[in-house]
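Worksheet: the structure to be examined is printed underneath.
The values are calculated or read from the model by the stated rules, or taken from the named source; none is laboratory data. All of these numbers come straight from a predicted model, not from anything done at the bench. All Cβ positions, glycine included, derive from the backbone under ideal geometry; neighbour counts span all protein chains shown. Note: accessible area is taken over every heavy atom of the protein model, side chains too, but ligands, DNA and RNA are not part of it. Shrake-Rupley method; radii C 1.70, N 1.55, O 1.52, S 1.80 Å.
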Amino acid sequence: QVQVVESGGGLVQAGGSLRLSCAASKSIFAINAMAWYRQAPGRQRELVARVTSSGSTNYADSAKGRFTISRDNAKNTVYLQMSTLKPEDTAVYYCSAESGEDVYWGQGTQVTVSS
């Protein structure tokens, strides 16, 4: 099993930046991939960004050019640097860890972008 804990959410004005952190309970080298998802009220959870154990990344179109996913292997932590935030980025952001056929989720962290 893998536990993941998110942190770093908060309230920010449009155009601002936030960095989310996701700490995993085991070495991220042993995890196939880690990802950030978000879910806004009344909407389905959607992928924001994903990074594999080999370092390959992919982003939602809405995140490209504004968000960057990165990893600190020594800290077993994955980050999501978000810049040029928009009100439509407001959501609960969830971290996930893919290990084998299992996916583990964190409790989520709220990001609110005011206009």
So, with a 1.4 angstrom probe, what is the percent of accessible area on the range 1-108 that is carbon and sulfur? 45 percent
Rounded to the nearest 0.05, FRET efficiency between Ser115 and Phe29 (Cβ-Cβ, R0 41 Å) equals 0.50
Could you check which residue among Val92, Val103, Val48 shows the biggest mean-square fluctuation in a GNM of the chain with a 10 Å Cα cutoff? Val103
The farthest towards the positive end of the charge dipole of the chain, of the residues Phe29, Ser115, Thr90, given +1 on Cβ of Lys and Arg and -1 on Cβ of Asp and Glu, is Ser115
Asp61: accessible area at probe 1.4 Å, nearest 10 Å²? 120 Å²
Give the lysines whose C-alpha is closer than 17 Å to that of Lys75, dropping any in the same chain fewer than 8 places away, or say none. Lys26
For the chain, with only Lys/Arg (+1) and Asp/Glu (-1) charged at the beta-carbon, what is the dipole magnitude about the Cα centre, in debye rounded to 20? 220 debye
Per 0.36 nm of contour for each residue apart, how much would the distance between Ser99 and Gln39 grow if the chain were fully extended, relative to their Cα-Cα spacing? 19.4 nm
If you count only protein heavy atoms with a 1.4 Å probe, what accessible area per residue comes out for the chain, rounded to a whole Å²? 51 Å²
